[in-house]
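The values are calculated or read from the model by the stated rules, or taken from the named source; none is laboratory data. Keep in mind it's a predicted model, so treat the numbers as computed, not measured. Please note: Cβ atoms are built from the backbone with ideal geometry, for glycine as well, and neighbour counts cover all protein chains shown.
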Amino acid sequence: MASDGIKLPGLPADWSRKLALYGRLIRFEKPIGSYLLLWSALWALAIAGEGAPDPWILFVFVAGVFLMRSAGCAINDYADREIDLHVARTRERPLTAGLISAREALAVFAVFGLLAFALVLTLNKFTILMSFGGIALAASYPFMKRFHYLPQVHLGAAFGWSIPMAFAAELGALPKQAWLLYVASLLWTVAYDTIYSMVDREDDLRIGVKSTAILFGDYDRIMVAALQVLFLLAMALIGRDLGFGLPFYLGLVAAGGFMAWEQFMIADRVPAHCFIAFLNNQWVGACVFAGIMAHYYTL
């Protein structure tokens, strides 16, 4: 992709500019959302595949993460096109700034969503049926902040849906560990997205947008810490049920260390510091994944 005003080689200037704007719409230059979504899917694939998931299923989920995250960004900007005008961090987004139309944003959502669904069609029927739940969660999430103070929970449900889908694809079944991992992922997502919503809290209060950061108020740091502890406990329960050894728990200790550092970063509630703490969660996901894989390859 190219930034505005940069011509992509071999393309007319107008096409180049449009593609650059669509790249900004899907946050191509900001892959953190893809990373966070990917880790949950990789945890599930690693466990369901006992350290060696089917290569094609792995490809489908990795590609699907990028495609669905891109679709989610497009529908999010469509839903928030009026709200984003009043938030300093988002008012320059292409749709809000009038650089692309609402119809274009919906078209981008449809294209990426259909591409992701085409990949899912190569998997078993159980996984295909489950994908409709994922699409519904992804499409409805951006509208939730208008109706209740728990849109982060809805996001957690959407981001974690790759977990039962991964077990369905690998095993054709949903063991209890799939649902416990789903709950763990949801807890983690609510924790880091609450930190993310702390960045925009003042703007959200002014324009009437709801979030867990507003709901928790002065107890925001305590609630984030509680969610993080519950996440680690849920992961430890999964490890116990699956007979995981020391390498897995060392991964959890490392993840807990990163979470403790996040608490230090958000102590002053400075938006820039909260954003850095949010970004740090890519390393939390990586530590958990490393612990899972270490279990299977250090036996």
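So here's what we get for this one:
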| quantity | calculated |
| --- | --- |
| Considering residues of region 34-80 that are surrounded by fewer than 19 Cβ atoms within 10 Å (Cβ to Cβ) and under 17 Å from the mean Cα position of the chain (by Cα) only, the residue nearest to Phe117 (Cα to Cα) | Ala63 |
| Any pair with Cβ under 9 angstrom, 6 or more apart, that starts in region 70-85 at a residue that is under 14 Å from Tyr22 (Cβ atoms) and free of Cβ contacts under 8 Å to residues at least 60 places away in the same chain and ends at one that is among the polar types (S, T, N, Q) and in a helix (DSSP H, G or I) | Ser70/Ser34 |
| Hits in region 248-286 (condition: assigned to a helix (DSSP H, G or I), farther than 21 Å from Leu38 by Cβ and in contact with a His (Cβ under 8 Å, 6 or more places away or on another chain)) | Met265 |
| Residue, nearest to the chain's Cα centre (by Cα), within region 83-106, restricted to residues that are closer than 18 Å to Arg146 by Cβ, in a helix (DSSP H, G or I) and not aliphatic (A, V, I, L, M) | Asp84 |
| Residue list for region 107-149, filter: among the hydroxyl-bearing types (Ser, Thr, Tyr), more than 21 Å from Thr194 (Cα to Cα) and under 19 Å from the mean Cα position of the chain (by Cα) | Ser131 |
| Qualifying positions in region 159-177 - under 18 Å from the mean Cα position of the chain (by Cα) and surrounded by fewer than 24 Cβ atoms within 10 Å (Cβ to Cβ) | Pro164 |
| In region 198-226, the residues that are in contact with an Asp or Glu (Cβ under 7 Å, 6 or more places away or on another chain) and assigned to a helix (DSSP H, G or I) | Met198, Ala213, Ile214 |
| Test set (1) among the charged types (D, E, K, R); (2) more than 24 Å from Ala52 (Cβ to Cβ); (3) at pLDDT 95 or above - Lys125 fails condition number | (2) |
